[in-house]
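Structure, as structure tokens:
The values are calculated or read from the model by the stated rules, or taken from the named source; none is laboratory data. Everything numeric here is computed off the predicted structure, so don't read it as measured data. Here the Cβ positions follow ideal geometry from the backbone for every residue, glycine too, while neighbour counts run over all protein chains shown. In case anyone asks, the SASA skips ligands and DNA or RNA and just uses the protein heavy atoms, side chains included. Shrake-Rupley method; radii C 1.70, N 1.55, O 1.52, S 1.80 Å.
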Amino acid sequence: MAEARKGAFLQQSRSRLQRALPLAFTASATAVGQRQPRAAAAPGCCRLRSWDGTRGLSCPAASSFIPCAPDGVAFPSSLRRYRHRTHPRRCASHRLRLRAKLPSVSYTIEIDGAAPITLESGFFARQADAAVTVRTGDTVVYCTVCHDSSAAPNIDFLPLRVDYLERFSAVGRTTAGYIKRDKPGEREILMSRLIDRPLRPCIGEGFFKETQVLAHVFSYDGRNQADTLALCGAAAAMALSTVPMRASLAAVRVGMRADGTLVLNPTEEQMHGDAKHMDMVVAGTQHAILMIEGGFLFATEEQVLEAVQLAQRAIAAICRGIDEFRQRVQTHRGEPLEKDQSDLRVPLPADMDDIRAAALAAGLGAALRTTGKAARNIAIEAVRQSVMSARYPSREATDADPEAAQKRRTLLDMAWKRVLSAEMRRLVLDEAVRPDGRAVDTIRDIDITQTPLPCAHGSSLFTRGETQVLAVATLGGRDSAQRSESLLGERLAHFYLQYLFPPFAVGEVGRLGTPGRREIGHGMLAQRALEPVVPPREQFPYVIRVETNVLESNGSSSMASVCGGCLALMDAGVPVRAPVAGVAMGLIWEPQAEASSAAPRHVILTDILGIEDALGDMDFKVARSADGITALQMDIKVEGVTVALLREALQRARQACFYILERMAAVCPAPRPTLPVSVPKVRVLTVAPKRIGDVIGAGGRVVRGIIEECGGDDVLSIDIDADGTVTLLSADEAVLHKAARRVQAVTTDVETGQVFEEARVVKILPFGAYVELDEVSGREAWLHISELEWYRVGKMEDVVREGDTVRVRVTEVSARGQVRVSRKALLPRRDAAADAAASGNAAGSGANGAPIEELEMEVELEVQGGKPQGELSTYERDLLRFERQQRRQERRVQRTTGGPPAVSSTPSTPTTATADGNRAEAVTDDQPGA
């Protein structure tokens with residue numbers, strides 16, 4: 001009976017286990033990615049592995065039951081209880097748990113001069129088309145690729161979507177703000193563009209199915225940067241996916257030290273330290289460069305080329321590693337990794353020949369030579385209508401099969417674009433004719449207007465051909481800085497540029513809203529170009545915001561934003577280090593295998609038009625000053641360019657930038673010597689970080705008091721940094737001076753001998769008064785009655801009253817910060833006769849004619865009880881002075897009335913100051929403890 005119940009219990013537990021863990025449990029303890037032969041198992045059995053690699057089978061007939069593995073899924077409670085009953089010693093000693101061991105493949109890529117990169121696949125996101133984990137150090141990025149099974153019939157481009165997402169949980173934080181859900185910011189948008197741009201030219205021709213690439217940063221160690229790691233992971237995932245790829249690609253970052261030494265894949269600390277002179281990301285294949293994005297502190301062309309060559313060698317090593325990783329995954333799966341070759345949309349050669357002949361006959365060459373963007377577009381559209389209208393599917397064919405008709409129409413449109421691009425290339429390569437009639441190295445006409453906006457702090461209208469940008473510079477305080485939050489923490493940008501591209505810039509109708517990815521990317525490029533020449537905050541304490549409004553666009557609006565933004569800064573009086581200009585270079589590339597004439601294989605175009613950007617092969621933007629390159633961006637549409645071609649493009653861009661700088665210097669040779677009147681004045685103070693609390697005050701009382709005293713928030717702005725920097729911002733110089741004095745008074749330590757001109761009496765006691773040295777900070781000091789005048793004062797009210805202002809000097813500052821002041825120290829001292837007359841007594845005698853010294857000695861002995869005066873506390877000394885005055889007053893009354901003084905029915909309790917500066921009641925003779 002017991003055996004039957006035991007068998008039934010085992011069967012029930014096994015069923016629960018199979019429902020909870022439907023995966024196959026491997027018994028392999030060898031290298032990842034290798035298949036292991038399995039022993040035959042009885043039906044219904046599970047393969048299991050213990051934490052130490054011991055393997056076995058769990059079934060009713062087994063004499064031992066060891067279903068154990070580390071760090072996995074917990075057993076069902078009933079089965080766990082049975083394990084403890086049958087194997088108490090083993091379960092108690094090893095704390096074994098069950099884990100599903102998923103098959104995975106891992107490969108580590110070694111890179112000379114940089115940390116290794118580890119790729120792994122197979123254990124997560126198994127329903128995605130491809131999933132790869134990429135890791136360096138403790139930075140881990142999960143990359144996935146998915147695409148639709150079919151393409152829309154009207155799509156003639158690749159609908160690729162790339163999203164780079166950083167999780168604050170990767171650094172053990174949650175996002176600030178009320179909503180605690182992570183949202184992509186500008187940094188993530190820029191990283192998404194960084195991944196997207198090199199991926200597109202590597203995807204196979206005609207693949208137009210909607211594709212999505214996601215890169216999640218789930219762990220970040222604060223050292224190894226995740227952006228280039230995500231690009232390598234996305235490239236590896238694309239290699240494993242069914243998306244057809246021309247070649248494997250990878251990316252690295254290159255930094256540079258002040259001495260020109262290059263650093264491959266620098267850490268975050270190095271990029272903010274000695275390697276900050278270059279921040280360049282290079283992506284490419286094993287044999288060519290696809291993308292360059294970088295900012296520089298005045299690098300030379302040779303330094304850039306040297307960095308590109310270093311990056312190319314590292315990229316080639318990573319590409320070989322990705323190919324090896326793909327081969328291992330394919331071996332592990334036991335089947336080839338097929339690519340999706342279905343529904344590839346490539347124009348038919350016959351269609352292209354037909355459309356080319358008809359377009360040339362209709363005057364396509366003359367239309368491309370038309371001067372002016374609008375007129376050229378109208379002429380080209382007229383040719384397209386005349387050629388394509390007769391070739392599109394008829395209405396009857398469309399009604400019969402709408403989807404087939406739409407696909408046919410899409411293929412014809414693709415053929416037209418290729419014919420248009422080929423004709424423009426032929427004109428440039430064979431006839432050296434550009435669409436606007438310029439030579440290949442000629443820059444369009446430049447027109448500059450400074451200060452077109454009289455009320456703005458700085459403005460400039462920069463026009464180059466049919467591209468026009470209105471740049472506006474605004475100076476403000478710390479509250480104008482741009483705040484952002486990322487895995488690196490919160491950042492406060494004191495210089496930022498915002499690029500705006502309204503739809504009327506290209507004559508279109510569109511919706512205005514949040515900036516798109518293109519606007520954010522172009523703005524960051526222009527900001528990166530101007531950052532090296534903007535003065536540091538220590539020299540120019542303003543927050544600088546540059547806004548570039550594109551009013552007209554026909555190519556290279558981002559580089560026009562660089563030129564216009566620099567001129568706006570100079571118009572606002574910002575002491576830039578040097579002017580910066582930018583230019584966009586283009587490329588017409590003809591592969592050698594397709595060359596049919598003696599024309600050169602490539603032609604580099606200077607200052608490209610919009611049509612040359614759309615139909616050409618490269619968009620290469622270079623921004624530089626006379627001292628060197630500050631920003632660089634290159635996007636390529638072919639499989640890659642060589643270093644030799646980059647050298648030629650850089651030299652041509654250098655000549656173009658120097659020409660533009662000459663035109664800019666002719667209009668604005670130097671920054672405005674003084675700031676415009678409309679710019680608020682700024683004063684920066686530095687206080688000790690431990691005194692920040694004194695400036696702020698309890699509940700902000702002190703800083704609010706300063707602002708209200710100076711006129712309110714509309715007149716004065718105060719910003720306090722954690723390092724002790726206090727920034728005062730106001731349009732009135734007098735207000736700044738007053739606020740600065742208040743801050744200095746709050747944060748300056750009181751020193752012996754310091755004079756306060758307007759100390760206010762806040763509390764009067766019988767033997768002294770409390771005075772407020774500074775009404776902003778509320779710091780108080782003790783003014784004893786003996787420090788009022790050089791003569792003896794009978795009552796405090798005879799000289800001062802509450803609310804009066806007195807001029808005092810600090811005589812003592814205790815170790816605990818209590819302050820004693822004197823009024824008489826600032827008064828001229830009179831002779832003894834005048835002092836006696838002022839006090840109402842004969843010179844040198846007391847109230848009863850006895851010498852004052854004898855009276856003091858008498859009272860002193862009485863109060864002290866024989867204790868030496870040097871051992872008295874502050875409280876006892878104040879009490880002694882009070883009793884001395886009381887005795888003198890009693891003798892004066894006795895001399896006047898001839899009898900003892902009247903005794904009050906309610907004896908008063910005098911108040912004195914304790915040693916710590918607090919007010920306390922003095923202990924009299926009739927009180928306990930006197």
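Return the residue satisfying two criteria in turn: it lies in region 417-465 and is of a type in the set (Ser, Thr, Tyr) and either part of a strand (DSSP E or B) or without any contact (Cβ under 8 Å) to a residue 60 or more places away in the chain (or both), and of such residues it is surrounded by the fewest Cβ atoms within 10 Å (Cβ to Cβ). The selected residue is 449. Scan region 205-220 and tell me whether some residue there is in a helix (DSSP H, G or I), farther than 23 Å from residue 636 by Cβ, open to solvent by 40 Å² or more (accessible area, probe 1.4 Å) and not basic (Lys, Arg). No, the conditions are met nowhere in region 205-220. Looking for something in contact with a helix residue (DSSP H, G or I) (Cβ under 9 Å, 6 or more places away or on another chain), surrounded by 12 or more Cβ atoms within 10 Å (Cβ to Cβ) and outside any loop (DSSP other than H, G, I, E, B) - is there at least one such residue anywhere in region 340-350? Scanning region 340-350 turns up no residue that is in contact with a helix residue (DSSP H, G or I) (Cβ under 9 Å, 6 or more places away or on another chain), surrounded by 12 or more Cβ atoms within 10 Å (Cβ to Cβ) and outside any loop (DSSP other than H, G, I, E, B). Within region 665-699, the set of residues being closer than 30 Å to residue 301 by Cα and surrounded by 15 or more Cβ atoms within 10 Å (Cβ to Cβ) comprises 667, 668, 671. Across region 177-204, the number of residues qualifying as in contact (Cβ under 8 Å) with a residue 24 or more places away in the chain and more than 24 Å from residue 639 (Cβ to Cβ) comes to 6. Tell me whether region 238-254 contains one or more residues that are without any contact (Cβ under 8 Å) to a residue 40 or more places away in the chain and open to solvent by 30 Å² or more (accessible area, probe 1.4 Å). Scanning region 238-254 turns up no residue that is without any contact (Cβ under 8 Å) to a residue 40 or more places away in the chain and open to solvent by 30 Å² or more (accessible area, probe 1.4 Å).
Restricting attention to region 631-664 and to residues that are of a type in the set (Gly, Ala, Ser) and open to solvent by less than 50 Å² (accessible area, probe 1.4 Å), the residue that is modelled with the lowest pLDDT turns out to be 640. For region 291-306, indicate whether the set of residues that are in a helix (DSSP H, G or I) and crowded, with 21+ Cβ neighbours inside 10 Å is non-empty. Within region 291-306 (the criterion being in a helix (DSSP H, G or I) and crowded, with 21+ Cβ neighbours inside 10 Å), the answer is yes, since at least one residue qualifies. Take the conditions (1) in contact with a strand residue (DSSP E or B) (Cβ under 9 Å, 6 or more places away or on another chain); (2) open to solvent by 10 Å² or more (accessible area, probe 1.4 Å); (3) more than 23 Å from residue 474 (Cα to Cα); residue 517 misses just one of them, which is (1).
Per-residue answers, yes or no, for (1) at pLDDT 90 or above; (2) open to solvent by 30 Å² or more (accessible area, probe 1.4 Å); (3) part of a helix (DSSP H, G or I):
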| position | (1), (2), (3) |
| --- | --- |
| 794 | no, yes, no |
| 836 | no, no, yes |
| 842 | no, yes, no |
| 857 | no, yes, yes |
| 863 | no, yes, yes |
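Under the condition of being basic (Lys, Arg) and open to solvent by less than 50 Å² (accessible area, probe 1.4 Å), the residues counted in region 176-204 number 2. Pairs meeting the criteria (first residue in region 505-533 and among the hydrophobic types (A, V, I, L, M, F, W, C), second residue open to solvent by 50 Å² or more (accessible area, probe 1.4 Å), beta carbons under 7 Å, at least 6 apart or on different chains) are 505/551; 505/552; 520/186; 533/577.
Residues that are without any contact (Cβ under 8 Å) to a residue 24 or more places away in the chain, open to solvent by less than 70 Å² (accessible area, probe 1.4 Å) and of a type outside the set (Asp, Glu): does region 407-416 have at least one? Checking region 407-416: not a single residue is without any contact (Cβ under 8 Å) to a residue 24 or more places away in the chain, open to solvent by less than 70 Å² (accessible area, probe 1.4 Å) and of a type outside the set (Asp, Glu). Could you tell me which residue of region 102-118 is surrounded by the fewest Cβ atoms within 10 Å (Cβ to Cβ), considering only residues that are of a type in the set (A, V, I, L, M, F, W, C) and assigned to a strand (DSSP E or B)? Looking at residues that are of a type in the set (A, V, I, L, M, F, W, C) and assigned to a strand (DSSP E or B), I get 115. The condition of being free of Cβ contacts under 8 Å to residues at least 24 places away in the same chain, of a type in the set (A, V, I, L, M, F, W, C) and closer than 26 Å to residue 808 by Cα does not hold for residue 695. Here residue 666 clears all of (1) of a type outside the set (Lys, Arg); (2) over 30 Å from residue 205 (Cβ atoms); (3) in contact with a helix residue (DSSP H, G or I) (Cβ under 6 Å, 6 or more places away or on another chain) except the condition numbered (3). Every test in (1) modelled with pLDDT under 90; (2) in a helix (DSSP H, G or I); (3) open to solvent by less than 70 Å² (accessible area, probe 1.4 Å); (4) closer than 30 Å to residue 151 by Cα is passed by residue 332 save one, and that test is (4). Just one residue in the set 753, 803, 724 is within 30 Å of residue 690 (Cβ to Cβ) and surrounded by fewer than 15 Cβ atoms within 10 Å (Cβ to Cβ); that residue is 753.
Is it the case that residue 391 is more than 52 Å from the chain's Cα centre (by Cα), under 25 Å from residue 205 (Cα atoms) and part of a loop (DSSP other than H, G, I, E, B)? It is true that residue 391 is more than 52 Å from the chain's Cα centre (by Cα), under 25 Å from residue 205 (Cα atoms) and part of a loop (DSSP other than H, G, I, E, B). Could you tell me whether any residue of region 756-772 is open to solvent by 50 Å² or more (accessible area, probe 1.4 Å), of a type in the set (A, V, I, L, M, F, W, C) and under 47 Å from the mean Cα position of the chain (by Cα)? There is no residue in region 756-772 that is open to solvent by 50 Å² or more (accessible area, probe 1.4 Å), of a type in the set (A, V, I, L, M, F, W, C) and under 47 Å from the mean Cα position of the chain (by Cα).
Scanning region 806-817 for residues that are in contact with a helix residue (DSSP H, G or I) (Cβ under 9 Å, 6 or more places away or on another chain), open to solvent by less than 50 Å² (accessible area, probe 1.4 Å) and of a type outside the set (A, V, I, L, M) gives a single hit, 814. Scanning region 495-513 for residues that are part of a loop (DSSP other than H, G, I, E, B) and open to solvent by 50 Å² or more (accessible area, probe 1.4 Å) yields 507, 508, 509, 511, 512, 513. Residues that are basic (Lys, Arg), at pLDDT below 90, at negative phi and outside any helix (DSSP H, G or I) do not occur anywhere in region 541-563. Per this entry, residue 524 is counted among residues that are open to solvent by 10 Å² or more (accessible area, probe 1.4 Å), closer than 28 Å to residue 446 by Cβ, in a helix (DSSP H, G or I) and of a type outside the set (D, E, K, R).
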